[in-house]
Structure formats: structure tokens, C-alpha cells
Amino acid sequence: MLDRLLAHPEVEEVSELRSTFGFMAFHGGGLEEQTDVIARAAAEQSGSSYYGIHQPADLKWHIPSHQIDPAHSPLLDTFLTHVHTVITVHGYGRRGLFTTLLLGGRNRPLARHVGQHLRNELPAYEIEDDLANIPSDLAGQHADNPVNRVRNSGVQIELPPRVRGSSPLWWDWEGPHLTPHTTALVRGLSAAAQSWPI
């Protein structure tokens, strides 16, 4: 499945290797909007590595995370070998959770670390890093999920539309920069990456 997606002429696969801390957005571009922009900006600001799959706006081809298989992508395989710890950035929308960021993945100390940085930057949001309170389908616990394939595992962060700048709250935002909430999110993710021992 992944190899077919990557063969699409309008799909862009990106890998930028820097430190052994990484950010990923493999549902980026038009699928889970702004996730690639957020992950890439946080990686650049913190000197971290970045991997993304960017789809055109009209494609919206969703491959479940546990089926994002490095056997079908040399770039992904190299990235997962290079980084030891990773944050994967996803987007979601669910009634009752429009201001809640969910921090899943198997590296729970990192989830708490990231959570604290995000609480400092986003006081108007709920930052949920307790797995008991995260819906199981958004918790990023599958062993084949790329967030859990790296040496130290990582954190899967699920972002509601508002913090990505994609909700009606921002209907009149003209940019060109990211919305204030998205900018604060990137700042918090970057600070978490920079302060995590690697």
C-alpha cells in the first residue's frame, strides 16, 4: 500500500537528517492538514530530523499508521535507523475534543515531558498524556506504528483542527505566518525536543 502511495506523481516524500531526535508527519499535505508544516518547523527550530509524506489537497489517501512499512520506502527505513527518538504529528477531529491534544506512543516519559512544554505554551488547551484517557484508536500503541519502530520509541501527538489553524476560529486569519496557537505549538514541540537528552 505505501509503495503505491509513494508512486503517485503528486505525492512528495521528504527526509531531512539532522540529530537523532526526529519529527514525522506521514499523513501530511492535504490529508491531515498542517501536520507536515508543524512537524517540519519544529524539526528545523530544534535541529531535529524530519520525515514526511505530503499529499496533494485532492488525494486524501489514508494508510493506517501500522501499515506505514519501511520495507516499502528506503527513505523511511534510513530515517528510522538514523533517529533514536521520534514525535509523530497527526491530525484528528472528534466531538467533545476540539481543544484536546492527545499524546500517545510507547515512550511515556517523553510524552509527559512534551506535555509539560505544551501546557506552558497552550494554556487554553487540554494536554492529555494519560493513556487511560486517550481513545485506543488514537493512542499509537501498535508495534508496527513508525512511532514505536525507533530505538527509544516516541510520542504520537494527535492535534485537533483549532491548534492546526484549520477551524472556524481562524476564518479571517490571512497569514502569511502560522496562527498564534500553531506558532505556540511549534515553539513547545521544539523546546521539548531541544531539552530531551539524546
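The values are calculated or read from the model by the stated rules, or taken from the named source; none is laboratory data. If you're wondering where the values come from, they're calculated on a predicted model, not measured in any experiment. Note that each Cβ is placed from the backbone with ideal geometry, even for glycine, and that neighbours are counted across all protein chains shown.
Odds and ends about this structure:
- When we screen Ser167, Ser195 for residues that are surrounded by fewer than 22 Cβ atoms within 10 Å (Cβ to Cβ), modelled with pLDDT of 95 or more, more than 16 Å from Thr88 (Cα to Cα) and more than 17 Å from the chain's Cα centre (by Cα), the only hit is Ser195.
- Taken over segment 122-153, residues that are in contact with a Lys or Arg (Cβ under 7 Å, 6 or more places away or on another chain) and surrounded by 20 or more Cβ atoms within 10 Å (Cβ to Cβ) amount to 4.
- From the options Ser167, Ser195, Ser136, residue that is in contact with a helix residue (DSSP H, G or I) (Cβ under 7 Å, 6 or more places away or on another chain) and of a type outside the set (Asp, Glu): Ser167
- Near pairs, Cβ below 7 angstrom, 6+ apart or cross-chain, from segment 44-73 (farther than 24 Å from Phe21 by Cβ and without any contact (Cβ under 8 Å) to a residue 60 or more places away in the chain) to any residue that is surrounded by fewer than 20 Cβ atoms within 10 Å (Cβ to Cβ) and among the charged types (D, E, K, R): Pro56/Glu10; Leu59/Glu10
- Unmet criterion (only one of (1) at pLDDT 95 or above; (2) touching a Leu at 6+ places or on another chain (Cβ under 9 Å)) for Gln116: (2)
- Filter pass, Arg151 being part of a helix (DSSP H, G or I), in contact with a His (Cβ under 9 Å, 6 or more places away or on another chain) and either basic (Lys, Arg) or on the phi > 0 side of the Ramachandran plot (or both): no
Yes or no, residue by residue, for (1) at positive phi; (2) in contact (Cβ under 8 Å) with a residue 40 or more places away in the chain:
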position	(1), (2)
Val114	no, yes
Glu128	no, no
Pro135	no, yes
Gly165	yes, yes
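- Lone unmet requirement of (1) crowded, with 24+ Cβ neighbours inside 10 Å; (2) over 23 Å from Ala184 (Cα atoms); (3) touching a residue at least 60 places away in the same chain (Cβ under 8 Å); (4) of a type outside the set (Gly, Ala, Ser) for Val89: (2)
- Whether a residue is without any contact (Cβ under 8 Å) to a residue 12 or more places away in the chain, touching a helix residue (DSSP H, G or I) at 6+ places or on another chain (Cβ under 8 Å) and outside any loop (DSSP other than H, G, I, E, B) was assessed, and Leu80 does not pass this test.
- Within the set Pro160, Pro176, the sole residue that is modelled with pLDDT under 95 and not small (Gly, Ala, Ser) turns out to be Pro176.
- Here is the figure for segment 85-121: residues that are more than 16 Å from the chain's Cα centre (by Cα) and either in a loop (DSSP other than H, G, I, E, B) or closer than 28 Å to Leu6 by Cα (or both) total 6.
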